[in-house]
Structure formats: C-alpha cells, structure tokens
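Visitor: Quick one: the structure is below, and I'll ask about it shortly.
The values are calculated or read from the model by the stated rules, or taken from the named source; none is laboratory data. This structure is a prediction, so every number in the text was calculated from the model and none was measured. Cβ: placed from backbone, ideal geometry, glycine included. Neighbour counts: every protein chain shown. With ligands, DNA and RNA removed, areas are computed over all heavy atoms of the protein, side chains included. Shrake-Rupley method; radii C 1.70, N 1.55, O 1.52, S 1.80 Å.
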Amino acid sequence: MSFPLVVLGNPLLDLQTNVDAEYLQKYDLKSDDAILAEEKHLPIYEEIVKKDDLILVAGGAGQNAARGAQYILPADSVVYFGSVGKDVYSEKLLAANKQYGLRTEYQVQESVATGKCAALISGHHRSLVTDLAAANLFQASHLQKPENWALVENASNFYIEGYHLTVSVEAIQLLGKHAAENNKTYSLNISAPFIAQFFKDQLDSVLPYVDYVIANESEAAAYAESHGLAVDSKDVVAIAKEIAKLPKINNKRSRTVVFTQGVDPTVTVTYDAASDSFDVKEYKVRELSSDKITDTNGAGDAFAAGFIASLVQGKSVSEAVDVGQWAASLSIQVVGPSFPFPKQTYPGSN
Ligand code: 26A
C-alpha cells in the first residue's frame, strides 16, 4: 500500500454555465464568491439545466485538489473521503476520479442526492452556489471504520478542504489530532470568505493542528475582519504573520501560511517559534495571456494540488509554490476544475 496523501472534503457535481452580470445581480451574487445556497437561490438549478452551454463536471474543492495531486504524483498516491448519494451524479464523480487514478472512499447515503454546485462563470470570474445535500451528511465514524482508518494510519500527509468545516468539524479534528500525534503534515485550505466569517469558531478550533494554511486574498481579508486584526485587510503579509504564529499543537513543525492573489504574487510566511521570527517570501505567478484562459473554476484547488503534491514529495515551500502555480495555469486552460489529458508534467521552476 502506498497512498501517502489523504484528502477530506465535500464531493459535488459542478453545473457550469456562463452568465451575465444581470443574472448574478438577480440572485444577489458576487462575481467571485462561493456560498451555500439559500431558499432564494434554488431556482438557479432549474434555470441552468435548460441552458445550451451547461456542462456537468466533477467538482468539490477538496476533490478537485485530490484529483490534481494524483495527476502530479505517481500511481496510488491519494485517497479521497467525502459523502455522496447513490445516484448517477456520484457515478459521474467516481468516473472522473478514476480517470485520474484517485482512490475514492465515499460514505454513501441511501436516500439523499449527491451535492451540486452551480458554477456561474462571468469572464474570468466564477460564482459558486452550493447545495451540499449528501455531502452534508459525512460523519467522522466513516473514517474510523477499520479499513478506512488503516488508510489514515498509513498516510503521511493530510489535506482538508475548509468548506468541510460546515459539515464535520469532528472529522477534521480527528485527522488533525492523528497528524499532530504522529508528526504528519496537515494542510488546510480556508476555501471561501464565508468560512472565515461565519465558521470562525470552527476554523479557530482546527487551526492549532495545521502546518500549512492555504487561502486567497479575499479569504485573508475575511479572516482579518472576523478576527478583528489590527491590520489593513489588504496587507496579506501582516495577516499571514498573525495566522502563522497562532498556537500550534505539533511543535516539531513550523506553520507556513500561503496566500495566493490571482495574478498578483503568491506570498508565503513561515513562523519559527524558536527564534520568534518570520520568513516572508513572494513569488510571481506564471503569466498567461487572457485568450488562453478558459475559466478560473478550480484555479485555487489546482494551486493547492500542486502545493500539497510537492509536500508529499518532500519539496521546499518555494518549489511547492512554483508547482502550485504551474498546476493552476494548466487548470485554467481547460473547462472546469480539471486538468488536460494527455498528462502534462511539471517542467521545472521558471
Ligand atoms: C460548502 N461549500 C459551499 C462547498 C463548495 C465547494 N466545495 C465544497 N464545499 N462550494 C463550491 N465548491 C467547489 O469549489 C470548486 C472550485 O474551487 C465547486 O464544486 C468547485 O468545483
């Protein structure tokens, strides 16, 4: 058995379509955001299935990253856990995961449908509206089944989708505790501004386990605001420092915070507790001309995929960032949160 990387998240099928500003306005949606669907958003799903340009594509932030990491790593490297329904949608997700060689260990719900996400594309932006359905029913006990716990015990790295904080904090803590006690690498993506805003306590309860915090600039700002940090919410380095030095359970590893900022440079901040000092670095992104961009759905997940795959390979933070940026640039050139086939390989740092 290999499978050094275990990923936990909400498996979703993306219903991806192009929309205009007016459509977003009608449903009170921002062009670059991710939310849980409220009652008022439910007509969206019925409307978009009638559209000619609609595509159904495997989604779910953690699942995208898991597929991406498996795309980069040797066969049998990544296992993914999440909860789905017993329907054609989960069959589609399984088929996509299989294409990438991703091992999938779903908890299957008998009478609830697989979750879905309306991925509303406008230009280079995407607005995500999610109906979690079966994904919301994941239980920590699924991980504790002997055959699944054997996979957890065998793994050396964990990647947690922050969106899952809306589902099972217990499962996230269970893996966090295991990682800390066994000095394994534990990474968490904040995933969306609403996680930092409305799931602040849940987020705070798992951060002590986290070695690598991955987020984008709007999640950084949301964190700064919800935690009342006395810093400019655009000052990503200052925010990263605050998160990097938060209490940590596993003192054998330092914490690194990685903030992506779209086309602006990626920032990393590592806190060294022994010397009470920070290592701050900035990395320019790979330039991609506008006409090469298909859509940005899944760009952040692809970055995370490259980053965590590199951690599994024992690469440095700076190389992990470069692989992440390469993976993101690949993913935005294809439709949805996907990667191109035939497989491309990392060309080395630029
Ligand atoms: C709990 N929520 C809102 C979510 C998501 C989500 N994945 C898990 N939980 N909302 C959107 N996504 C996924 O994010 C990917 C792009 O980063 C979408 O399915 C999309 O594939």
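Visitor: Provide the percentage of antiparallel DSSP beta bridges, counting only those with both residues in the chain; round to the nearest 5.
Guide: Working: 25 of 64 bridges.
Close to 40 percent.
Visitor: Using a Gaussian network for the chain with springs between C-alpha atoms less than 10 Å apart, which of these wobbles most: Ser111, Ser226, Ser122?
Guide: Ser111
Visitor: A further question on this structure: Any idea of Tyr89's accessible area? Nearest 10 Å², probe 1.4 Å.
Guide: We get 100 Å² for Tyr89.
Visitor: Of Ile190, Val19, Ala221, which is farthest on the positive side of the dipole of the chain, counting Cα position, with +1 on Lys and Arg Cβ, -1 on Asp and Glu Cβ, and the Cα centre as origin?
Guide: My answer, from the dipole projection, is Ile190.
Visitor: Can you give me the distance in nm between label points at Val231 and Lys30, each placed 7 Å from the Cα along the Cα-to-Cβ direction?
Guide: About 1.9 nm separates the two model spin labels.
Visitor: Return the Rg/Rh ratio of the range 181-254 with Cα-based radii and a Kirkwood Rh. Write out the running numbers ahead of the final one.
Guide: Details: Rg = 12.0 Å, Rh = 12.5 Å.
Using Cα coordinates only, the ratio equals 0.96.
Visitor: Pulled fully out, how much extra length does the chain show between Asn183 and Lys281, if you take 0.36 nm times their separation in residues and subtract their Cα-Cα distance? Before the final figure, lay out each step's value.
Guide: Details: separation 98, 0.36 × 98 = 35.28 nm, distance 2.51 nm.
Separation in residues times 0.36 nm, less the Cα-Cα distance, equals 32.8 nm.
Visitor: Roughly what % of Cα-Cα distances in the chain sit above 40 Å, to the whole percent?
Guide: Working: 3594 of 61075 pairs.
Of all Cα-Cα distances in the chain, 6 percent exceed 40 Å.
Visitor: Moving on to the next point. Using the Karplus curve 6.51 cos²θ - 1.76 cosθ + 1.60 with θ = phi - 60°, work out ³J(HN,Hα) for each residue of the range 245-252 in order, rounded to whole Hz, and write x for Gly and Pro.
Guide: 9, 4, x, 9, 7, 8, 7, 7
Visitor: Now, a different point. In whole Hz, what ³J(HN,Hα) sequence does the range 89-97 give by Karplus (6.51, -1.76, 1.60; θ = phi - 60°), x for Gly and Pro?
Guide: 5, 5, 5, 5, 5, 4, 5, 5, 4
Visitor: What do you reckon, how do Lys92, Lys248 stack up by accessible area (1.4 Å probe), largest on top?
Guide: Values: Lys92 90, Lys248 35 Å².
In descending accessible area the options line up as Lys92, Lys248.
Visitor: Report the rotationally averaged projected area of the range 256-350 based on its alpha-carbon convex hull, in square nanometres. Could the numbers behind the result be given before it?
Guide: Values: hull surface 25.8 nm².
With the hull built on Cα positions only, its mean projection is 6.4 nm².
Visitor: List the residues, sorted by chain then number, that are 5 or more residues from Thr104 or on another chain and whose placed amide H is less than 5 Å from its amide H.
Guide: Those lying under 5 Å, H to H, from Thr104 are Tyr80.
Visitor: Given the protein chains as shown and a 1.4 Å probe, how many square angstrom of Lys200 are accessible, to the nearest 10?
Guide: Counting only protein heavy atoms, Lys200 exposes about 60 Å² to solvent.
Visitor: Give me the one-decimal nm value for the distance between modelled label points at Gln333 and Gln197, 7 Å along each residue's Cα-to-Cβ direction.
Guide: 3.5 nm
Visitor: Using the Karplus equation 6.51 cos²θ - 1.76 cosθ + 1.60 (θ = phi - 60°), what ³J(HN,Hα) coupling, rounded to whole Hz, does each residue of the range 8-21 give in order, writing x for Gly and Pro?
Guide: For the range 8-21, the Karplus curve yields 10, x, 9, x, 9, 9, 8, 9, 9, 8, 8, 9, 9, 4 Hz.
Visitor: Just for the range 68-225, what percent of DSSP beta bridges are antiparallel, to the closest 5?
Guide: Values: 7 of 22 bridges.
Bridges in the range 68-225 are about 30 percent antiparallel.
Visitor: Over the chain, calculate the relative contact order: mean separation of alpha carbon pairs under 8 Å at least 6 apart, over the residue count, as a percent. Write out the running numbers ahead of the final one.
Guide: Values: 778 pairs, mean separation 59.9, N = 350.
It comes to 17 percent, rounded to a whole number.
Visitor: Top mean-square fluctuation among Ala179, Ala133, Ala328, Gaussian network model of the chain, C-alpha springs under 10 Å?
Guide: Ala133
Visitor: Moving on to the next point. Figure the gain on full extension for Glu170 and Glu47 (residue separation times 0.36 nm, minus the Cα-Cα span) and round it to one decimal in nm. Please list the in-between numbers first.
Guide: Numbers: separation 123, 0.36 × 123 = 44.28 nm, distance 3.59 nm.
Working it through step by step, the gained length comes to 40.7 nm.
Visitor: Follow-up question, since we're still on this one. Relative to the compact globular guide of 2.2 N^0.38 Å, what is the alpha carbon radius of gyration of the range 134-264, as a ratio? Walk me through the numbers on the way to the answer.
Guide: Working: Rg = 14.9 Å, N = 131, 2.2 N^0.38 = 14.0 Å.
For the range 134-264, the normalised Cα radius of gyration comes out at 1.06.
Visitor: Next question, about the same structure. Sort Asp204, Asp76 from largest to smallest accessible area, using a 1.4 Å probe on the heavy atoms of the protein chains. Intermediate results must be reported in sequence, preceding the final value.
Guide: Values: Asp204 55, Asp76 80 Å².
Listed by decreasing accessible area, they come as Asp76, Asp204.
Visitor: Now a separate question. Taking a probe of 1.4 angstrom, what is the accessible area of His125 in Å², to the nearest 10?
Guide: For His125, solvent-accessible area is about 80 Å².
Visitor: Please list Phe81, Phe198 from largest to smallest accessible area, probe radius 1.4 Å, with all protein chains kept in place. Before the final figure, lay out each step's value.
Guide: Details: Phe81 0, Phe198 145 Å².
Largest to smallest exposure gives the sequence Phe198, Phe81.
Visitor: Rank-order 330-341, 271-282 by packing density, defined as the average count of other C-beta atoms within 10 Å over each peptide's residues, highest first. Please report the intermediate quantities before stating the final value.
Guide: Numbers: 330-341: 20.2, 271-282: 12.8.
By packing density, highest mean first, the sequence is 330-341, 271-282.
Visitor: Just subtract the alpha-carbon distance of Lys86 and Ala273 from 0.36 nm times their residue separation and send over the number in nm, one decimal.
Guide: Working it through step by step, the gained length comes to 62.6 nm.
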